[in-house]
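Engineer: Structure incoming, see below.
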Amino acid sequence: MNTNTATGHEANATHDARAEQIEMLRNSAIDFVAGSTDHKRLREQREKLPGHDTRLYSAMANLGWFRILVPEEYGGLGLGLAEMSVVLQELGKGLLAEPILATVVLAGQTLRYGSNEALKNELLPKLVDGSLKACLAWQEDAGGLDLMPVKTVATSAGGRVTLTGRKRYVGGAGDADGYLVTARNSADTGAGVFWVAANAKGLSVTHEWRADGTPSGIVTLDAVEVASGHVLDEPSATALQGLARAVNESCVMAGAETLGVIEATLNMTLEYMRNRVQFGKAIGTFQALQHRAADLYIQQELVRAVLGDAVQTLDSNANAEDCSKIASRCKSRSSEAGLRITREAIQLHGAIGFTDEYDLGLYVKRALVLSAWLGNSTAHRRRFALLNAAVWQNGSEANSQHPSALA
Amino acid sequence: MIFPAPTQDWNALSDDEFRQTAQAFFEDNVPRHLRFLNRRPAWVEVKDLYHALSSSGWLCPGWPVEYGGMGLSPSKYLIYVEELELCGTPRVMDQGVMNLGPVLIARGTQAQREKYLPKIFSAEHLWCQGYSEPGAGSDLAGLRTEAVIDGDEFVINGHKIWTSMAMEANHLFALVRTDKTVKKQAGISFVMIDMNQPGVTVRPIRNIAGHEELCEVFLDNVRTPVENLVGQLNDGWQVAKALLGFERVWSGSPRQSMLALLRLEKVARLNGRINDPVFQDKLTQITFDVQDGASAYERIAQIMRTGGSFGSEVSVLKIWATETCQRVTELLLEASGDAGMMLGDVGFGEEQVNVLHPFMDCRAFTIYGGSNQIQRNILVKTVLNLPT
């Protein structure tokens, strides 16, 4: 589009065209979820590697969804989080999103924002067609949102870089082809991002099982040599900026998947309340239960609202601090609402909700994973408080604008 | 000319231009000492502001141009409200503007419009709203104030309560029972009553914030001409229901919570709690609650801007905005520590802040305009589709 001549009408037309495209994507995701949701298969996959159905992963790649966020020069579609979020939201309803958040969003966007063009040209086209499964190994034992690796070190000697350390909470590691690893340099002047193949000498992976039976990788690096040309970001004080952006985007996309989980859970619960009869009436007629359901609905709508604003902010290339703040607000709400709604859904169902046989438990467990991973509600409140400290200290802008509001 | 002529075609301006115009208008016309008041001001205080709004054509943003309103499109109406709130504009006697005017325009006769609307512009008539009764709060349709036709007049007997600013009003619009033999919603009529007559007694009620804004209104053989019936006889429930809309959106505005949040931040800054990580966590939580509510409000606003319609989801905004505002004021008291027990302005170092008032004031928010429990009932029935 020629932006120089764009009038309000053309901008609206562009907006409408994008909205239309998003609805098409949503419909294709709805069709996919309708045809592929299989809770029996999910149960069979639990606590088994790779922890997801690889045929579905290929099918999703074939639908072009892995291309959404990637710029066209690397074989992507150059779209945004607005498009990705509807796919994840719909997949969340069928519990089919694993491990896309880890591979396509978190690892994919770290790669995409990296500075080694040759490496990006080598890896991104394979990532978007589904032939390469990359994972991001950034957190260590402490977890949390601090991007700086604590113990993992990159040592340079004689033109060779080797990585030593231990990474934890690595999503999607069940059948990863390689890892983007964050490490400090030995001089401790900064950290960088390195690409290592899963079969590299000195690299080993074990798994912890998450609540929903999907794997969380522990990647141990014992003097793993980084192949020539596989440094994504040379260690420096600013080399993790791309990672920071990818983490923010992943937090928001976790919110999108959580919204899908929430919607499915609430629908299931309301349907149960309409049909389950006790004391000669549907339990949905009891006001004590009705008002609890209304409060859960409010939480669902808050997740939808903050998600929409977060997607818009991040898609508009706002400054890093604003992105971090709204990503934390979004993840904090989605984590809390996801836990609350699924937890209360058990109570609204009664004993049947406590059984493994009933599908609700699968949603509860996915919400537990999505809430804890990439920073829970408390972790994001803490991050926001640190980022916002200066605003609180000095008084916000509105404060100085409207002093009489405070008297 | 019966109705004031429009001063300008406001909708011809772009939204940005209109926002700048509105901002400048309120800035120029709202006296500083009346901004961000802790209470509803008395008529004598806001009379000049009312006349200023009226004479410059800014009194009735939502009314059509042919009746002297600004005829604002939904998006410009929203900008009007935002700029009015940002400036801390106090509420004037607004029942005529907000409620009666739109009712007459929608359901009144031309004679009623010509008689009553100009007197809203001139402030000759100051209106109050007689809906609630001692026995009819949330169950409004259970109202018992009765109007009996006697010749060409209604004779009205009953007792209205929670009537805001009735002590300053000279006219009352009310829901009254005109048929006791049918389903309760089907026997109610909407009538206009001149309060300047024997049999009308107004008794102010002091609220827990110490203000007298609410009143009881006793009606003892009060008379009003039958021509003051609005809509059909026994159709008052529908007439009153048609009023909802903008007012419901208004009650979901995050503005009150944002103002309370600024006050909370100020107190925490003054007494040092702003540096306490435990307090920071609570402050962050409530900040998220306010901002997420603002995001939800903005979603509905966007629908309004693009001319779309929305339904009961507006109840979500009212519930969340008002309960969040209450939580902000609760945290304000907590953050005030021992000073949280003090009446009026309380000293924090060199500065004075009233910490108790916001807490008291916003207790009413979850009760009026359809209590939050009624709002939940609406959601349950119309959005969640649960059985009754």
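The values are calculated or read from the model by the stated rules, or taken from the named source; none is laboratory data. For clarity, every value in this text was computed on a predicted model and none was experimentally measured. For neighbour counting, all protein chains shown are included, and Cβ atoms are generated from backbone atoms with ideal geometry for every residue, glycine included.
Engineer: The conditions are (1) at pLDDT below 95; (2) touching a Ser or Thr at 6+ places or on another chain (Cβ under 9 Å), and residue B:130 fails exactly one of them. Which is it?
Structural biologist: Answer for residue B:130: the failing condition is (1).
Engineer: If a residue has to be part of a loop (DSSP other than H, G, I, E, B) and at pLDDT below 95 to count, how many in segment A:152-171 make the cut?
Structural biologist: Result for segment A:152-171: 2.
Engineer: Within segment B:121-147, restricting attention to residues that are assigned to a helix (DSSP H, G or I) and touching a residue at least 60 places away in the same chain (Cβ under 8 Å), which residue is surrounded by the most Cβ atoms within 10 Å (Cβ to Cβ)?
Structural biologist: If we take residues in segment B:121-147 being assigned to a helix (DSSP H, G or I) and touching a residue at least 60 places away in the same chain (Cβ under 8 Å), then B:121 is surrounded by the most Cβ atoms within 10 Å (Cβ to Cβ).
Engineer: I would also like to ask the following. Across segment B:320-360, what is the number of residues that are in a helix (DSSP H, G or I) and either out of contact with any Ser or Thr (no Cβ under 8 Å at 6 or more places or on another chain) or among the hydroxyl-bearing types (Ser, Thr, Tyr) (or both)?
Structural biologist: Number satisfying all stated conditions: 20.
Engineer: Checking the conditions here, which among B:63, B:58 is outside any helix (DSSP H, G or I) and free of Cβ contacts under 8 Å to residues at least 40 places away in the same chain? Let's see the steps before the verdict.
Structural biologist: Numbers: B:63 fails: free of Cβ contacts under 8 Å to residues at least 40 places away in the same chain.
None of the others qualify; the one that does is B:58.
Engineer: Moving on to the next point. Those residues that are more than 9 Å from chain A (Cβ to nearest Cβ), free of Cβ contacts under 8 Å to residues at least 60 places away in the same chain and surrounded by 19 or more Cβ atoms within 10 Å (Cβ to Cβ), I need them from segment B:289-322; list them, please.
Structural biologist: Hits for segment B:289-322 are B:290, B:300.
Engineer: Filter segment A:243-265 for residues that are polar (S, T, N, Q) and either within 17 Å of residue A:308 (Cβ to Cβ) or not assigned by TED's automatic domain parsing to the domain that holds residue A:332 (or both) and give the result.
Structural biologist: A:248, A:258
Engineer: On to the next question. Of everything in segment A:244-284, what is surrounded by fewer than 18 Cβ atoms within 10 Å (Cβ to Cβ) and either touching a Cys at 6+ places or on another chain (Cβ under 7 Å) or charged (D, E, K, R) (or both)? Give them in sequence order.
Structural biologist: Matches in segment A:244-284: A:271, A:274, A:276, A:281.
Engineer: Same structure, new question: Can you pull out every residue in segment B:323-332 that is within 19 Å of the chain's Cα centre (by Cα) and either acidic (Asp, Glu) or within 12 Å of chain A (Cβ to nearest Cβ) (or both)?
Structural biologist: B:323, B:324
Engineer: Another one. Which condition number in (1) hydrophobic (A, V, I, L, M, F, W, C); (2) part of a helix (DSSP H, G or I); (3) closer than 22 Å to residue A:22 by Cβ is the one that residue A:318 fails?
Structural biologist: Unmet condition: (2).
Engineer: If you go through segment B:200-217 one residue at a time, how many are part of a loop (DSSP other than H, G, I, E, B) and surrounded by 15 or more Cβ atoms within 10 Å (Cβ to Cβ)?
Structural biologist: Of the residues in that region, 3 qualify.
Engineer: Among B:286, B:274, which is the only one that is within 14 Å of chain A (Cβ to nearest Cβ), touching a Leu at 6+ places or on another chain (Cβ under 6 Å) and part of a helix (DSSP H, G or I)? Break it down stepwise before answering.
Structural biologist: Values: B:274 fails: touching a Leu at 6+ places or on another chain (Cβ under 6 Å).
Matching residue, one of B:286, B:274: B:286.
Engineer: Taking into account only those residues within segment B:374-388 that are touching a residue at least 12 places away in the same chain (Cβ under 8 Å), within 7 Å of another protein chain (Cβ to nearest Cβ) and not in a loop (DSSP other than H, G, I, E, B), which is nearest to residue A:264 (Cα to Cα)?
Structural biologist: B:379
Engineer: So, in segment A:263-319, exactly how many residues are among the small types (Gly, Ala, Ser) and facing another protein chain (nearest Cβ under 8 Å)?
Structural biologist: Counting residues in segment A:263-319 that are among the small types (Gly, Ala, Ser) and facing another protein chain (nearest Cβ under 8 Å) gives 6.
Engineer: Here's another thing I want to ask about it. Does any residue of segment B:211-226 turn out to be within 30 Å of residue B:304 (Cα to Cα), more than 14 Å from chain A (Cβ to nearest Cβ) and out of contact with any Gly (no Cβ under 8 Å at 6 or more places or on another chain)?
Structural biologist: First, the residues of segment B:211-226 that are within 30 Å of residue B:304 (Cα to Cα): none.
Taking every residue of segment B:211-226 in turn, none turns out to be within 30 Å of residue B:304 (Cα to Cα), more than 14 Å from chain A (Cβ to nearest Cβ) and out of contact with any Gly (no Cβ under 8 Å at 6 or more places or on another chain).
Engineer: Which of the residues belonging to segment A:212-240 are surrounded by 18 or more Cβ atoms within 10 Å (Cβ to Cβ) and either modelled with pLDDT under 95 or outside any strand (DSSP E or B) (or both)?
Structural biologist: Answer for segment A:212-240, where residues must be surrounded by 18 or more Cβ atoms within 10 Å (Cβ to Cβ) and either modelled with pLDDT under 95 or outside any strand (DSSP E or B) (or both): A:212, A:213, A:214, A:230, A:239, A:240.
Engineer: Quick one: in segment A:325-344, which of the residues that are of a type in the set (Ser, Thr, Tyr) and within 13 Å of chain B (Cβ to nearest Cβ) is farthest from residue A:268 (Cα to Cα)?
Structural biologist: If we take residues in segment A:325-344 being of a type in the set (Ser, Thr, Tyr) and within 13 Å of chain B (Cβ to nearest Cβ), then A:328 is farthest from residue A:268 (Cα to Cα).
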